[in-house]
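Novice: The following block contains the structure, expressed as structure tokens.
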Amino acid sequence: MVKIKKQSNVEPKKKLVKVKKRPISKPQKKNKIKVKKSKKNDDFSSMSVDNFLDQDFEGSVSEESEQIDEEEVSQLHSDIEENVGGDNIKDNESEDEIENHKKALSKLQDTDPEFYNFLQENDKKLLDFDVSDDDVDDDEEDPQHKPSEELEVASDESDFEDDQVKDKGIVTLKMLKNWDTAIQKDLTNKTILSLTRAFHAALVRVSSENEQEPCQYKVEGSAVFNGVIQLCVIHLGPALRRFLRLKEGSKQPPHKCKRFIKIKRTLKDYFMDLSKLLSGVTSANIQTVLLKHLHYMSPFIVSYPNITKSILRRLISIWGTAEEGVRVLAFLCILRITNGQKAKFLEIVLKAMYMTYVKNSKFVSVGSLAAINFMRRSLVEMFALDASVAYQHVFLYIRQLAIHLRNAITVNKKENIQAVYNWQFVNSLKLWGSFLSAAEHKLQLHQLVYPFVQVCLGALKLVPTTQYYPLRFHVVQILMDLSRDTGVFIPILPFLLEVLTTYDFNKKHQKVSMKPMHFTCLLRASKSQMTENGFKDALIENIYGLLLEYLAAQSSSVSFPDLSLVCVVQIKQFLKKCANANYNRKMKQLLEKIEQNAQFIENERSKLTLNIVDAKQIAGWESQIKTKGTPLGTFFENWNKLHTVKKNKQLTNNEELADYKLPTIKKKAAKVREEGPVELFPSDSEDSDGGSQKEKTRKRGKRGGKGKKIKDESGPVEDDGEQDIVEDWKASDWS
């Protein structure tokens, strides 16, 4: 007899029921429960549930077809017991048996409604049989009741649990806002670690590599990407100083702080990512932001020598190729990083910057001239950091220039001459001339002036032809600047006066140049250029300017009358030969100023008895004359101001802007009244003055004569206080 008790919260003991195991047979095609109507009035509907369960099913079975077959009843209860206990279900039961079992349970609703209702109230899980229940392993040793999964938990976060699990690791704007608040107050490295990992994830997102490494975070969307970069740029540096307890302006190396070990690996990865980002960014605005951040973080970079080298290489590349504002920031980063560790990085930086300068100064144009000049000035500042290191490099590079010059003189082939007469060679001379001028107070570097001057003079004498006059003027300018700054006398006048004596300025030109010729971006004049009248004009302009500049620098010297004597003689010979009135007018003006200054020096030195051997006495006298001022020096200052403005306009093509019709501000014409002129600021009490303004105007007209009327002129109107009206210009106005 099988007894099924009412199910309570505690599961019934499973050993009370013993069910014989029967071998699993093949799935039957039909496994239906046969039920026939009872002829007797013995319906189970009149019984209660307890009476029904207490019935002796085995003894009450009759041979008549009114009762349920004993074998089928035992099979039914055996299946029910197997589902309640869960011990006799095997994993290898076929799908057909499960379907048949489910059909048998559904038939139970028709055969025994009360029993079906009982199971529905107490063990609904038995009726809702599912295949997935077979895979669940119940813990037999745990008698504790487990609540149903359908129970709802009263929690506000229950609706968002699935989304959080699904979106775990994705950086959101809410996370960025929390990081922004936390990183300004957090004294630990928790937020720093999270932010640097998010920065790495953002870099992986824009990386061009096919195989991207797994990251803790995932950055999606441009807004989140920009937010991560902005947080790192603005707050990461102060957060690191706060975590390491470094004060602003402290010179203590970060790697010597006790807490540096906690962020050593993280900071190294961050600088590697920042270096990759700098190498992949081409926008000037983004480069500006990143370089400003890198300049602030430069004290931390020094703690990683291997990473510092790669970052310096990238900065030097930006310094040589980027836009003007980005170049300046890159140089400031290079200067700050190198100045902190001169022993490790100065030699590497100087060599790399010089090679970059030579590489990017191969061609000189109006557009590239400013960039080359900036690289030269910044490189001079880098070499001035350490005189001993700079001496070794400058000596080596000047020696290389001398070797090229020697090969060109001895071999005298076209390719050897071109190795000297090119922009890279000339720009190198400009670099070392500027450096020696800036470091003239350092005796160690002052020894390099003589070999450098010899290289320059050798370059001037290599091919002294008319075609290379522009190159001659460039080298002469280098020597003039060096002589003025160092106080070393260099014989420059012969190279300028030679042009006046050897070139025939009376020769008629074959072509008329529409624009004036400039030698600023020119080393060699072509044959067609030498036949133009602009070539002769440019020669006179350069000779006039260079002679004036050089003699003005020597105008306070005690030997100026003797120095300028040869120059005066050569200019007078030129004036006799030249038939061009414009050229003669320029050179006559220069001759007058030279003679006037020579007479001034003779008068000043005749007042004192100078000992030529006493160098200190002569130097003191020359400084007094220079402070007092000389006629030639005063004239040169005024001329140089006008010449600089004119030269800048020519290089930037500002004069061409006059050809365009720029938008103008039109004045609103004042309304003309017959009674008289209009008052701009009428008084509020016109009627209370005893008479109207019209009557006063008429009276004034009778006394003073005729009243004036305002005319609407089409030309420019003087601003008499009228209100300006700015009209929007259109594209058609420019045509």
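Novice: In nm², what is the average projected area of the convex hull enclosing the Cα atoms of the range 317-454?
Specialist: The number I arrive at for the range 317-454 is 8.6 nm².
Novice: Let me ask something else. Restricting attention to the alpha-carbon atoms of the range 523-633, what are Rg (one decimal) and Dmax (integer), both in Å?
Specialist: 17.4, 57
Novice: For the range 512-517, what does the Karplus curve 6.51 cos²θ - 1.76 cosθ + 1.60, with θ = phi - 60°, yield as ³J(HN,Hα) per residue in whole Hz, taken in order and with x for Gly and Pro?
Specialist: 10, 7, 6, 10, x, 8
Novice: Using amide H atoms built 1.01 Å from N in the peptide plane, name the residues 5+ places from K218, or on other chains, whose amide H lies under 5 Å from its own.
Specialist: It is I170, V171, by chain and number.
Novice: Here is a further query. Counting pairs of alpha carbon atoms under 8 Å apart in space and at least six apart in sequence, what relative contact order in percent does the range 513-608 give?
Specialist: Relative contact order for the range 513-608 comes out at 28 percent.
Novice: Sort 391-403, 424-436 by packing, meaning the average of other beta carbons within 10 Å per residue, with the highest value first.
Specialist: Taking the mean over residues of other Cβ atoms within 10 Å, the ranking is 424-436, 391-403.
Novice: Which whole-Hz couplings ³J(HN,Hα) result when phi for each residue of the range 464-477 is put into the Karplus expression 6.51 cos²θ - 1.76 cosθ + 1.60, θ = phi - 60°, listed in order with x for Gly and Pro?
Specialist: So the J values, rounded to whole Hz, are x, 10, 5, 5, 9, 4, x, 5, 4, 5, 5, 5, 4, 4.
Novice: Moving on to the next point. Of K174/K251; K218/K264; K256/K344; K247/K442; K359/K515; K190/K276, which sit over 29 Å apart, Cα to Cα?
Specialist: K174/K251; K247/K442; K359/K515
Novice: Further question: With a sphere of radius 10 Å drawn around the Cβ of E549, what net charge do the other residues whose Cβ falls strictly inside it have (Lys, Arg +1; Asp, Glu -1)?
Specialist: With Lys, Arg at +1 and Asp, Glu at -1, the net is 0.
Novice: Provide the per-residue ³J(HN,Hα) series for the range 330-336, in order, calculated from phi with Karplus coefficients 6.51, -1.76, 1.60 and θ = phi - 60°, each as a whole number of Hz, with x at glycine and proline positions.
Specialist: Each residue of the range 330-336 in turn: 5, 5, 5, 5, 4, 5, 6 Hz.
Novice: Now for a different question. Could you tell me the relative contact order of the range 187-313? Use alpha-carbon pairs under 8 Å, at least six residues apart, and round to a whole percent.
Specialist: 27 percent
Novice: Under a Cβ-Cβ cut-off of 14 Å, what is the net charge of the residues other than Q529 that fall near it, where Lys and Arg count +1 and Asp and Glu count -1?
Specialist: +3
Novice: Roughly to the nearest percent, how much of the accessible area of the range 511-616 is carbon and sulfur, given a 1.4 Å probe?
Specialist: Here it works out to 53 percent.
Novice: Which of the three applies to the range 424-463, rounded, prolate or oblate, going by the alpha-carbon gyration tensor with a ≥ b ≥ c and a/c under 1.5 meaning rounded?
Specialist: oblate
Novice: If you don't mind, there's one more thing I want to ask. Go through 546-559, 589-602 and give me the packing order, highest mean Cβ count within 10 Å leading.
Specialist: 546-559, 589-602
The values are calculated or read from the model by the stated rules, or taken from the named source; none is laboratory data. Worth saying up front: this structure is predicted, and the values here are computed from it rather than measured. Note: ideal-geometry Cβ built from the backbone for every residue, glycine included; neighbour counts use all protein chains shown. Ligands, DNA and RNA are excluded from the accessible area calculation, which covers all protein heavy atoms including side chains. Shrake-Rupley method; radii C 1.70, N 1.55, O 1.52, S 1.80 Å.
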